[in-house]
Amino acid sequence: MSEEPPIIRFKNPQFSYIEPGGKKHVFKSLKQILAVEKTQQWPEGAMSYSSFNAPPSLRPPKKYSDISGLIAPYTDPHSKLRYANSEEYAIVKTLPSDIVAGYLALRGASSIVG
């Protein structure tokens, strides 16, 4: 009464990466595909890998520390620099105004308030 369970195959046993001419099929990377697309002439309005734009995210952007690059839940109200922990806050408080302006310029923020 030992009934064998049915054999379920998820792969085609006759599938081969070797093409009928004997040449092995080599897959292209996304970088190679994009390079080929740029060289070809496409009709107006044709979609390609490089023409897709992602919609804007519904999540708010993550804020990173200006000092360490870690996720920063805090912002100094005087200098507007973002920091991740108390050690970084101590560093932010001792920074001269020209360094603070440099950090804000790197982030693309406006000038210092206060």
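Count of segment 20-36 residues, restricted to those that are under 22 Å from the mean Cα position of the chain (by Cα), open to solvent by less than 70 Å² (accessible area, probe 1.4 Å) and modelled with pLDDT under 85, is 2. I'm checking my understanding of the structure. Among residues of segment 49-83 that are of a type in the set (Phe, Trp, Tyr) and surrounded by 15 or more Cβ atoms within 10 Å (Cβ to Cβ), which one is nearest to Gln32 (Cα to Cα)? Only one residue tops the list, namely Tyr83. Checking the stated criteria, Pro77 turns out to be at negative phi, at pLDDT 90 or above and in a loop (DSSP other than H, G, I, E, B). Tallying residues that are among the charged types (D, E, K, R) and under 15 Å from the mean Cα position of the chain (by Cα) within segment 37-62 yields 2. Listed by first and then second residue, the pairs with beta-carbon distance under 7 Å, at least 6 apart or on different chains, first residue in segment 76-95 and under 18 Å from Leu106 (Cα atoms), second crowded, with 20+ Cβ neighbours inside 10 Å and of a type in the set (Asp, Glu), are Leu81/Asp66; Arg82/Asp66. In segment 90-114, the residue that is surrounded by the fewest Cβ atoms within 10 Å (Cβ to Cβ) out of those that are at pLDDT 90 or above and under 28 Å from the mean Cα position of the chain (by Cα) is Leu106.
The values are calculated or read from the model by the stated rules, or taken from the named source; none is laboratory data. Keep in mind that what you see is a predicted model, and the values were worked out from it rather than measured. Note that we place each Cβ from the backbone using ideal geometry, even for glycine, and neighbour counts take in every protein chain shown. Areas reflect the complete protein model, heavy atoms only, side chains present, ligands, DNA and RNA absent. Shrake-Rupley method; radii C 1.70, N 1.55, O 1.52, S 1.80 Å.
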